[in-house]
Amino acid sequence: MRPATHDLRLAIPVGVAWAVLASASADASWLPGAATAAAPVAVALLLIAARAPERAGSALRLAAVGIGLAGLLLVGASAAAGAALDGCGSLTLVLLGEAPPSEVLVLGCDGVGAMRPAMLLRAPEDVAGAPLAIGATAVGRCDAWLDGARWLLACDALEVGAPAGWAAWASPLRDGLLAASATLPGGGGELLPSLSIGDTRRLSAPLEAAMLETGLSHLTAVSGANCVIVVGAAFQGAAALGAPRWARVAAAGGALAGFTLLVTPEPSVVRAGTMAAIGLLGIATGRRTGAVALLALAVLVVLATQPHLATSPGFALSALATCGLVVHAPPIARALGRWLPMPLAALIAVPTAAQLWCLPVLVVLDAQVSLVAVLANLLAGPAAPVATIAGLVVCLAAPLAPGVAAALAWVAWLPSAWIAGVAEVASDLPAAQAPWPGAPWGALAASAMLAAIVLGHARGRLLRGAAVAAVVGVVASGAAALPALRLGALADWRIAQCDVGQGSATLVREAGAVVLVDVGPEAAPLERCLRTLGVDRVDLLVLTHFDRDHVGGVDAVVGRVGTVVHGPLDDRAAPVVEALAVGGASAMEADRGDAWTLGTIRVEALWPTGRDAPGNDASVAAAVDVPGDGLELVVLGDLGAEAQARLLRAGVPRASVVVAAHHGSADQLPALYRELGASVALVGVGPNDYGHPTDEALRILRDAGAVALRTDERGTIALEVGGEGVRAWSEREPSGDVGGPP
């Protein structure tokens, strides 16, 4: 089924408007100028279209409408970015989540109304009044800064009120589902709350990584499928009771609103909920709209109200997956139906179409492609609706009859455990992941594959388009594998920064001894890096602190570590340290001045002092030195500017290479980097909502004389440091000299 012409007449302009808004949102200073320029550009395109041939004129008119829509969206984005929240002494917020990072709605600045969406990145551990909850109003002192068109908040003091009546009912339901599933064993128990309502609080890092690697992570984020189940159940239930059409629509709308509050307004939920609401409005008025046009209208409404979602990967993946299911799942099923039974062909077509349309975004987030995603979705897909419906029943029953809910939870556990098992087994299959080029080439290759499928479908030659896409995929994956092979073949690298996403993992190797500082957020990326670099065992593991982005990947090195050194212990530390100890590692807490020698490598703890409370500012800052080889590396963990100032007063060595603190956050002390004098700064960073690395941090590094090498741009980075300076190799960039002599 090809999308109707009227569908495309709306979808194409909305796509153009989305692309323009996303491009302009890269820098808030561009928004006013882009908004002003949109109208004259649209008029110029219409004038050119009037004299152009019919086909070109039609394309130009669609582009003009898209630019015009972009102008309206840009006006809203410019107004949101110009709210000047960074000048507010006190902000009034309505919370849309229970723990940072979460969406909030800013209602006031110093008592003056200023309704703006924002993202709360940090809240104080101890808040006055009630705990954080959806629908609660919080007032307090917050740092605010712009990330494109979006305001980010870090609050040092908050006074939280009780949730408003319209939201107070949701928290007991969510907590009831967690309580009812608490005794369920294994991955099924961990996964059930996230399958039902997107609550990932019980989801362990290994299972989350397995879901991501096998293309099943969409099941843990509430999507359009969940909304369809809820809306459809409410609509049909009202119909079964003989309700008229308006009452069915009202029942479905009420169920949709309640479900959105229950699962919290994530980007995918916002898109799916808006699309469902527009569809219900069409039913109520008796006007039916094509699925592609409905999706386009939903995207337009969401971007008009929340322009910052133009650059949200979650929103993009949700919209693209839906488009893939609508446009290409049916023809792929028909093509496969020539050789397979139609039910099986349909089961294969759904994840294939969704994965294909999402690929250009997925490879930007992680430069690899899952080779088992279709198989995993084929096996897990039929169980997902059962787990969702059963989990929702448990959720609704928990406050009223906890015993009944606990019994029903075992029913929901069966499909949930099956999905978890599929993810765990599939992620362990040989060659489950294939390498892929980094941005922008990886995104272009994935887009070329999608274009081949789209053109083949448009010309009635879908199989030929699929063959072209397969060739492009094989060439792209093969090209991506070559740098990794070259990187792994290096015999003389001394320092490596692993590409582990939004996290940090730094290696030092000399004369057979290996030091690893932090292990990143997940095991799989670290395992891949160690395999690429030929590292089998770690003699000394330094865990700077116990945030997940620094210790979540510990399973990759359990049983392979000799000694582990860590900062002050907190309530998250015990499982990590115990797992390493069971694997044979000896553990000790680091204080300033402690030192360890492994062959010719000397590791010295520069921080903490032994008087620091656990947390970022008690991170282990370590200097790693190979005497006589000109190698000095300093790793700063997540120290903030205040702790960096105390470290500077205590004394730091000169260094050739520094691992920038806190993934390049804005909370940096320029004087520390000047004193270190490093010629190269490594930044372990991946896709994130924090704006890391910030322009301010990159400027500080540049002003201190350091060349910043980022893993999100280069992939895994390996350095050779000697008397001639620093030479770098990386997966996505050619090798070369990047720093002068130390």
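The values are calculated or read from the model by the stated rules, or taken from the named source; none is laboratory data. Given the structure is predicted, the values throughout are model-derived calculations rather than measurements. Heads up, the Cβs are rebuilt from the backbone with ideal geometry, glycines too, and the neighbour counts pull from every protein chain shown. Note: accessible area is taken over every heavy atom of the protein model, side chains too, but ligands, DNA and RNA are not part of it. Shrake-Rupley method; radii C 1.70, N 1.55, O 1.52, S 1.80 Å.
How would you order 355-365, 441-451 from highest to lowest mean count of nearby Cβ atoms within 10 Å?
355-365, 441-451
Taking +1 at the Cβ of each Lys and Arg and -1 at the Cβ of each Asp and Glu, which of Val468, Trp357, Ala383 sits farthest along the dipole of the chain towards its positive end, judged by Cα position relative to the Cα centre?
In the chain, that residue is Val468.
Under the Karplus relation 6.51 cos²θ - 1.76 cosθ + 1.60, θ = phi - 60°, what is the ordered set of whole-Hz ³J(HN,Hα) values for the range 87-96, x standing for Gly and Pro?
Each residue's phi maps through the Karplus curve to give x, 8, x, 9, 10, 10, 10, 9, 7, 10 Hz.
Using a Debye calculation, one point per C-alpha and no hydration shell, please list log10 I(q)/I(0) for the range 332-472 at q = 0.10, 0.20, 0.22 Å⁻¹ in order.
-0.48, -1.18, -1.29
In whole percent, how big is the carbon plus sulfur part of the accessible area of the range 118-269, probe 1.4 Å, protein atoms only?
61 percent
Which value, in debye to the nearest 20, gives the size of the charge dipole of the range 487-563 about its Cα centre, when Lys and Arg are +1 and Asp and Glu are -1 at the Cβ?
I would put it at about 160 debye.
Tell me which residues come under 5 Å, amide H to amide H, from Leu598 once H is placed; ignore anything under 5 positions away on its chain.
Distant-sequence amide H within range of Leu598: Val603.
Among Leu281, Leu178, Ala513, whose Cα sits farthest toward the positive end of the charge dipole of the chain (+1 at Cβ of Lys/Arg, -1 at Cβ of Asp/Glu, about the Cα centre)?
Projecting each Cα onto the dipole axis, the largest value belongs to Leu281.
Rounded to the nearest 20 Debye, what is the dipole magnitude of the chain about its Cα centre when Lys and Arg each give +1 and Asp and Glu each give -1 at the C-beta?
For the chain, the charge dipole is close to 3640 debye.
What does the highest-first list of 647-657, 663-673, 678-688, 158-168 look like by mean Cβ count within 10 Å?
By packing density, highest mean first, the sequence is 678-688, 663-673, 647-657, 158-168.
Scanning the chain for helices, which whole DSSP H stretches are 24 Å or more long along the axis (Cα) and average -1.0 or more by Kyte-Doolittle?
5-24, 31-51, 54-81, 245-263, 267-285, 342-365, 402-427, 441-458, 462-488
Could you sort Trp436, Trp18, Trp339 by accessible area so the largest value comes first, with the probe set to 1.4 Å?
Trp339, Trp18, Trp436
Might you report the magnitude of the Cβ-based charge dipole of the range 512-650 about its Cα centre, with Lys and Arg at +1 and Asp and Glu at -1, to the nearest 20 debye?
Here the size comes out at about 200 debye.
How much net charge surrounds Ala681 when only the other residues with a Cβ under 11 Å from the Cβ of Ala681 are counted, with Lys and Arg +1 and Asp and Glu -1?
So the surrounding residues net to +2.
Could you run the Karplus curve 6.51 cos²θ - 1.76 cosθ + 1.60 with θ = phi - 60° over the range 495-511 and give me ³J(HN,Hα) per residue in whole Hz, x for Gly and Pro?
Per residue, the Karplus-derived 3J(HN,Hα) values read 10, 9, 10, 6, 7, 10, x, 7, x, 9, 7, 10, 10, 10, 10, 7, 6 Hz.
Would you please put 243-256, 180-193 in order of how densely packed they are, using the mean number of other Cβ atoms within 10 angstrom per residue and starting with the highest?
180-193, 243-256
Provide the per residue accessible area, probe 1.4 Å, for the chain, rounded to a whole number of square angstrom.
That works out to 41 Å² per residue.
Please identify the cysteines of the chain that lack any partner cysteine with a Cβ under 4.7 Å from their own Cβ.
Among the cysteines of the chain, those whose Cβ sits 4.7 Å or more from every other are Cys227, Cys323, Cys358, Cys395.
Considering the dipole of the chain built from charges on the beta carbon (Lys and Arg +1, Asp and Glu -1) around the Cα centre, which of Gly148, Ala446, Ile717 is farthest to its positive end?
The residue sitting most towards the positive pole is Ala446.
Whole-Hz ³J(HN,Hα) for each residue in the range 133-139, computed from phi via Karplus 6.51 cos²θ - 1.76 cosθ + 1.60 with θ = phi - 60°, x for glycine and proline: what do you get?
Those phi angles translate into 7, 4, x, 7, 9, 10, 10 Hz.
So, R0 is 25 Å and r is the distance between the beta-carbons of Ala128 and Leu281; what FRET efficiency does that work out to, to 0.05?
According to the calculation, E is roughly 0.05.
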